[in-house]
Amino acid sequence: MCGIVGLFLKNKALEPKLGSMLSGMLATMCDRGPDSAGFAVYGRGDSDHVKLTVRSTSPDIDFAGLGTRLSEAIGSPVAVEVRDSHGVFTIPEGSEEKARKTVEALCSDVRIVGSGTRMEIYKEVGRPDAVAKRFHLEQMSGSHGIAHTRMATESAVTTDGAHPFSTGRDQCLVHNGSLSNHNALRRELRRKGLSFETENDTEVAARYLTWRISQGDSLGDALKHSLDDLDGFYTFVVGTEDGFGVLRDPIACKPAVMAETDDYVAFGSEYRALASLPGIDKAKVWEPKPATVYFWERH
Amino acid sequence: MPTIDLDVTTLREFNQTLHDLAEGTNDTYFRVVNPRGRHAIAAGVDAPVTIEIDGNAGYYCAGMNKRANIIVNGSAGVGVAENMMSGRVHVKGDASASAGATGCGGLLVIDGNASSRCGISARGIDIVVKGSVGHMSAFMAQAGTLVVLGDAGDALGDSLYEARLFVRGKVNSLGSDCIEKPLRDEHTQGLGKLLKEAGLNGQVNPSEFRRYGSARQLYHFHMDNLEAY
């Protein structure tokens, strides 16, 4: 089944409340996906730095120590923020490749889940409301965020299989549905030189979109092309530094409801996820049309 | 005239109250507040009572309804009035996918738009949508009527049996074995009666509609139809 929520704030005054609004929305979708959860939040950041979100598979990780050694390796100061099993390392722009290699060389039990000037990604196995609490989502601020509750179908219940999937800077994808041609498309993308970390269908969609964007597509064009190249059923919500996009497959068997007010644009797999948002009674509420790309960007 | 606040009373308790109503009960009107998109509100009612829901309902609202008059002062999620047997369900906002699915009887009125698969597999229900319906509406519908004042999406009436379809606006495309049929007096009379029941007496001219039905070419296996199966 799976549940998706997304929130894009138009009113900057609400930014300190992004996390609390998003965690409330996420909690209502627990019964659509009780096995794991994840979220991406677009918070503070500047163009001189990159944030690397690193997830540890071991509870004994020393993120501060890792930060010190990373700082020595790249020759620049590194800021470290730890949230439960995840650490966010802020490094200077231009040092991402070296930092990735260093982290992977220093620690075998970590995964780099995403990078971006503003994006941070957190995911874990467990009930979604408990996962949100572990990372203190309710205290996070930002301009927009997307979150996912997973009921695994195409691959195992692991943290690696939890959404969002990020395969490009400040880009992430969450998915409700299942793709039927992901093995064939994965082989095709491997032939083009892409590498994959899981057997998960959503990772294929995320890498496909990132690959299209690297070939010159805008996000909107990449989503349009996915209608031709992805087979199966899906509702996608895609986050970028500036905003988020929504796409449903042409049959639209996976649910989606959106709400818009002067203050925000919100997405939910069901209306229940939107019911507690401020001003929802007067919001414009509608279902996104099948095979239609929707996109909202910050100005 | 009980008012049920679903932030206080659990949905299960409320639905049980409705299921336990005795014949000839004095409680004939229930007002529901704070529905907040909860699923299966007033599902499985079998009593001649009125239930008014103030706000948006979730999935399967008024499902399996028998005899009750259920009003949603808001929008309804997937499968509103699915498998309705009799009675009346009125959604004042929009309805999500599969509105009135498999319904055997009764009347479903939707003031706004209905999403995809409206009236899928209908078996006798009458559905009046004042807005438009999405793709695959009336798919395999066996009996009953679907009336659409606005437009219909792709593949209307695919693999249709004997349900009657009337659309006033544009039809994006017809599904397999669904064809336009002439609108004769007997049809406009029946349509006028149904529009009246839906509260549109005199507001809509039945002769503005186009009628669609089954070409009945898929009822039996036929080698020439292989590509359509």
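The values are calculated or read from the model by the stated rules, or taken from the named source; none is laboratory data. What you see is a predicted model; the values in this text were computed from it and never measured. Every residue, glycine as well, gets a Cβ built from its backbone with ideal geometry; the counts of neighbours run over all protein chains shown.
Given the conditions (1) more than 14 Å from chain A (Cβ to nearest Cβ); (2) more than 15 Å from the chain's Cα centre (by Cα); (3) in a loop (DSSP other than H, G, I, E, B), and given that B:Glu180 satisfies all but one, which numbered condition is not satisfied?
That leaves (3) as the condition not met.
Is there a residue being closer than 23 Å to A:Ile280 by Cβ and of a type in the set (Lys, Arg) anywhere in the stretch B:67-87?
no
Would you say A:Ala79 is at pLDDT 95 or above, aliphatic (A, V, I, L, M) and surrounded by 15 or more Cβ atoms within 10 Å (Cβ to Cβ)?
No, not satisfied.
Could you please let me know if A:Asp221 is closer than 28 Å to A:Gly114 by Cα, within 21 Å of the chain's Cα centre (by Cα) and within 12 Å of another protein chain (Cβ to nearest Cβ)?
For A:Asp221, the condition - closer than 28 Å to A:Gly114 by Cα, within 21 Å of the chain's Cα centre (by Cα) and within 12 Å of another protein chain (Cβ to nearest Cβ) - is not met.
Give the residue that is farthest from the other protein chains (Cβ to nearest Cβ), with candidates limited to residues of the stretch A:233-257 that are part of a strand (DSSP E or B) and touching an Asp or Glu at 6+ places or on another chain (Cβ under 7 Å).
Going through the qualifying residues, I end up with A:Gly243.
Restricting attention to the stretch B:91-106, and to residues there that are surrounded by fewer than 24 Cβ atoms within 10 Å (Cβ to Cβ) and within 20 Å of B:Gly190 (Cα to Cα), which single residue is nearest to the other protein chains (Cβ to nearest Cβ)?
Only one residue tops the list, namely B:Cys104.
Would you call A:Val80 free of Cβ contacts under 8 Å to residues at least 40 places away in the same chain and in a strand (DSSP E or B)?
yes
Can you give me the number of residues within the stretch B:39-90 that are in contact with a Phe, Trp or Tyr (Cβ under 7 Å, 6 or more places away or on another chain) and either part of a loop (DSSP other than H, G, I, E, B) or within 14 Å of chain A (Cβ to nearest Cβ) (or both)?
10
Listed here are the residues, each with its yes/no results for (1) touching a helix residue (DSSP H, G or I) at 6+ places or on another chain (Cβ under 8 Å); (2) loosely packed, with under 11 Cβ neighbours inside 10 Å; (3) assigned by TED's automatic domain parsing to the domain that holds B:Gly106.
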position: B:Thr188; (1), (2), (3): yes, no, no
position: B:Gly192; (1), (2), (3): yes, no, no
position: B:Gly199; (1), (2), (3): no, no, no
position: B:Val204; (1), (2), (3): yes, no, no
position: B:Phe209; (1), (2), (3): yes, no, no
position: B:Tyr212; (1), (2), (3): no, no, no
position: B:Phe221; (1), (2), (3): no, yes, no
position: B:Glu227; (1), (2), (3): no, yes, no
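Just give me the residues in the stretch B:75-90 being small (Gly, Ala, Ser) and crowded, with 21+ Cβ neighbours inside 10 Å, in sequence order.
B:Ser75, B:Ala76, B:Gly77, B:Gly79, B:Ala81, B:Gly87, listed by residue number.
Would you check which residues across the stretch B:124-143 are free of Cβ contacts under 8 Å to residues at least 40 places away in the same chain, away from chain A (no Cβ under 14 Å) and in a strand (DSSP E or B) and list them?
B:Gly124, B:Ile127, B:Val129, B:Ala143
Being within 14 Å of chain A (Cβ to nearest Cβ) and within 27 Å of A:Pro250 (Cβ to Cβ) is the requirement here; does B:Ser121 meet it?
It is false that B:Ser121 is within 14 Å of chain A (Cβ to nearest Cβ) and within 27 Å of A:Pro250 (Cβ to Cβ).
I'd like to verify a number: residues in the stretch B:13-38 that are within 14 Å of chain A (Cβ to nearest Cβ), among the basic types (Lys, Arg) and either at positive phi or surrounded by fewer than 19 Cβ atoms within 10 Å (Cβ to Cβ) (or both), how many?
1
Within the stretch A:244-267, how many residues turn out to be under 17 Å from A:Lys284 (Cα atoms) and surrounded by fewer than 19 Cβ atoms within 10 Å (Cβ to Cβ)?
Number of matching residues: 4.
Which pairs turn up if I take residues in the stretch A:130-159 that are surrounded by fewer than 16 Cβ atoms within 10 Å (Cβ to Cβ) and look for partners that are in a helix (DSSP H, G or I) with beta carbon separation below 6 Å, at least 6 apart in sequence or on another chain?
Pairs that qualify, where the first residue is surrounded by fewer than 16 Cβ atoms within 10 Å (Cβ to Cβ) and the partner is in a helix (DSSP H, G or I), are A:Gln139/A:Gly19.
Scan B:Val147, B:Val109 and give me the residue that is of a type in the set (A, V, I, L, M), buried (at least 21 other Cβ atoms within 10 Å of the Cβ) and either touching a helix residue (DSSP H, G or I) at 6+ places or on another chain (Cβ under 7 Å) or without any contact (Cβ under 8 Å) to a residue 24 or more places away in the chain (or both).
Going through B:Val147, B:Val109 in turn, just one is of a type in the set (A, V, I, L, M), buried (at least 21 other Cβ atoms within 10 Å of the Cβ) and either touching a helix residue (DSSP H, G or I) at 6+ places or on another chain (Cβ under 7 Å) or without any contact (Cβ under 8 Å) to a residue 24 or more places away in the chain (or both): B:Val147.
In the stretch A:190-209, which residues are surrounded by fewer than 19 Cβ atoms within 10 Å (Cβ to Cβ), touching a Lys or Arg at 6+ places or on another chain (Cβ under 9 Å) and within 22 Å of A:Thr235 (Cβ to Cβ)?
Result: A:Glu199, single match.
Go through (1) crowded, with 23+ Cβ neighbours inside 10 Å; (2) more than 14 Å from chain B (Cβ to nearest Cβ); (3) charged (D, E, K, R) one by one and return the number of the condition A:Glu270 breaks.
The one condition A:Glu270 does not meet is (2).
Tell me the residue from A:Arg127, A:Arg111, A:Arg100 that is in contact with a helix residue (DSSP H, G or I) (Cβ under 8 Å, 6 or more places away or on another chain) and among the charged types (D, E, K, R), please.
Result: A:Arg127 is the single residue among A:Arg127, A:Arg111, A:Arg100 that is in contact with a helix residue (DSSP H, G or I) (Cβ under 8 Å, 6 or more places away or on another chain) and among the charged types (D, E, K, R).
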